[in-house]
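Below is one structure; the comments refer to it alone.
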Amino acid sequence: MIEIDERVAIAEEELRFESVRGGGPGGQKVNKTASKVVLLFDVVASPSLDDEAKARILERLASRLSGEGVLRLEVQSERSLQANRRLAVERLVELLRRALHRDPPRRPTKKTRSSQRRRLDTKKRRGQTKKDRGRQDWRD
């Protein structure tokens, strides 16, 4: 089981891996080795996620999901297939952790009496400054 957070864990059988030849500069083995990893995770069909978690993931990761609700991650930063697989799983966990994170509810605060007074004093001073810019009576 791959633990996402204290409430959610995903079975490793739900992840599909594909090995692909990576792009970039090659070497002698460039046409023989498939070290790029494509991780596929079907969010919609996952039995490990409840409906609320699925909805949250579908909403927050909508730009990364296919039309069928499959999350696709490509990793080719390492030279070995195993290292790229491990990195792909780590990135999936981090993505899902951020998507499932709930911010604590905001508690509305009350303005202090002195802050209200300061605000009104500033407004009065500003208004007086603008009033002083107006037409002056110089007849005195």
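What follows is calculated from the coordinates using simple rules that are stated; it is not laboratory data. What you see is a predicted model, and the numbers here were worked out from it, not measured in a lab. No Cβ is skipped: glycine too gets one built from the backbone with ideal geometry, and neighbour counts run over all protein chains shown.
Before rounding to the nearest 500, sum -39500 (n - 2.57) across all DSSP H runs of length at least 4 in the chain and divide by the residue total; then give [θ] at 222 nm in deg cm²/dmol.
-12000 deg cm²/dmol
Between (1) 25, 17, 14; (2) 58, 24, 13; (3) 28, 16, 13, which entry matches semi-axes √(5λ) of the Cα gyration tensor in Å as derived from the coordinates of this structure?
Read-out taken from this structure: (2).
Hey, rough spin-label estimate for Val20 and Glu68, points 7 angstrom out along Cα→Cβ, what's it come to in nanometres?
Simple spin-label model gives 1.6 nm for this pair.
Cβ neighbours within 10 Å, averaged per peptide: list 53-63, 121-131, 35-45 in order, most packed at the top.
35-45, 53-63, 121-131
Kindly write out, for the stretch 123-132 in residue order, the coupling ³J(HN,Hα) from the Karplus curve 6.51 cos²θ - 1.76 cosθ + 1.60 (θ = phi - 60°), rounded to whole Hz, with x marking Gly and Pro.
Listing the rounded values in order: 5, 5, 4, 5, x, 5, 4, 5, 5, 5 Hz.
Name all residues of the stretch 96-112 having a backbone nitrogen under 14 Å from the label point set 7 Å from the Cα of Asp5 along its Cα→Cβ direction, giving them as ranges.
Answer for the stretch 96-112: 96-105.
To the nearest 10 degrees, how steep is helix 81-100 against the longest Cα principal axis of the chain, on a 0 to 90 scale?
That works out to roughly 30 degrees.
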